[in-house]
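*Asks:* Can you read through this structure? Questions will come right after.
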Amino acid sequence: MPDPEKDFNFQADIFIFQGDDELSIQESLRSLIKQFDSGAFAGMNSVRVDGHAIQRGELANHINMLPLGSEKRLVVVITSLNHLKLKQTRNGWRRS
């Protein structure tokens, strides 16, 4: 688990926090959100969504939204996105 007191490497486009150590995950998320949401547009460049409740189009809208006064935007998905899995069939893609 990364040290929440240190800056994250913003070269990465995706961060995955997984495991049983909820305290470390929450501290790391707070640090990451703090780095994204600093300055005049604090609170505008990060969003937290529930992976069990969000629909594919809504998630795409959050991901594709342009950042305000920053180079990047942070979308935190809490819990799994298993319900969005697609399965390839002969007729195209469908939800599994």
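*Asks:* Could you grab me the full set of residues in segment 48-68 that are closer than 18 Å to Asp13 by Cα and surrounded by fewer than 15 Cβ atoms within 10 Å (Cβ to Cβ)?
*Replies:* Answer for segment 48-68, where residues must be closer than 18 Å to Asp13 by Cα and surrounded by fewer than 15 Cβ atoms within 10 Å (Cβ to Cβ): Arg48, Ala60, Asn61, Ile63, Asn64, Met65, Leu66, Pro67, Leu68.
*Asks:* Another question about this same structure. Any residue in segment 11-29 that's more than 15 Å from Val77 (Cβ to Cβ): show its pairings with residues that are modelled with pLDDT of 85 or more and surrounded by 10 or more Cβ atoms within 10 Å (Cβ to Cβ) at Cβ separation under 9 Å, as long as the two are six or more apart or on different chains.
*Replies:* Listed by first residue and then by second, the contacts come to Gly19/Ile25.
*Asks:* For segment 14-69, give me each residue that is of a type in the set (S, T, N, Q), touching an Asp or Glu at 6+ places or on another chain (Cβ under 9 Å) and part of a loop (DSSP other than H, G, I, E, B).
*Replies:* Passing the criteria: only Asn45.
*Asks:* If a residue has to be polar (S, T, N, Q) and over 13 Å from the mean Cα position of the chain (by Cα) to count, how many in segment 55-74 make the cut?
*Replies:* Total satisfying the criteria: 2.
The values are calculated or read from the model by the stated rules, or taken from the named source; none is laboratory data. Computed from a prediction, not measured in an experiment: that's the story for all the values here. Virtual Cβ from ideal backbone geometry, glycine too; neighbours counted across all protein chains shown.
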